[in-house]
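A quick write-up on the structure given underneath.
Please treat every number below as a calculation from the coordinates, not as lab data. From a predicted model like this one, the values you see are computed outputs, not experimental measurements. Virtual Cβ from ideal backbone geometry, glycine too; neighbours counted across all protein chains shown.
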Amino acid sequence: MKMLVRSAVMIAAVAGSAAAQPMTMPGMAGGSSAADQEFAAGMTKMNNGMAGAPMTGNTDQDFVAMMIPHHQGAVDMAKTELKYGKDPELLALSREIIAAQDKEIAQMKRWQALHKPKS
């Protein structure tokens, strides 16, 4: 569990610095296709969601608050792959990602509902 929490904290730290960086990589045309634009929009939405997650000091609550937008980002990217991708293996993987991440998002939201921060 500690390793999972450490990973989530590292992801959040990287996401915060990544949000300040351009969304293109060396060699990319930089938003030249509809898929590129959807990927970039999804990354921005995910990074903003993770960076905007309220930090309560409760590791469990903070972990879930950051992981929900992270998982939603994976779902959004997989949907973009399904919309524009052609490779059968990656299309199948995208469907698996959507199913798994949607299930985990629902589980985390149920957990949040049962473990609301004490005021």
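Below, the figures for the structure above:
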{"quantity": "Neighbour-count order for Ser33, Ser94, fewest beta carbons within 10 angstrom listed first", "calculated": "Ser33, Ser94"}
{"quantity": "Fewest-first ranking of Arg110, Arg95, using other Cβ atoms within 10 Å as the exposure measure", "calculated": "Arg110, Arg95"}
{"quantity": "Distance in nm between pseudo-label sites at Ala92 and Gln107 (7 Å out along the Cβ direction from Cα)", "calculated": "2.4"}
{"quantity": "Segment 36-102 - percent relative contact order, Cα under 8 Å, separation 6 or more", "calculated": "32"}
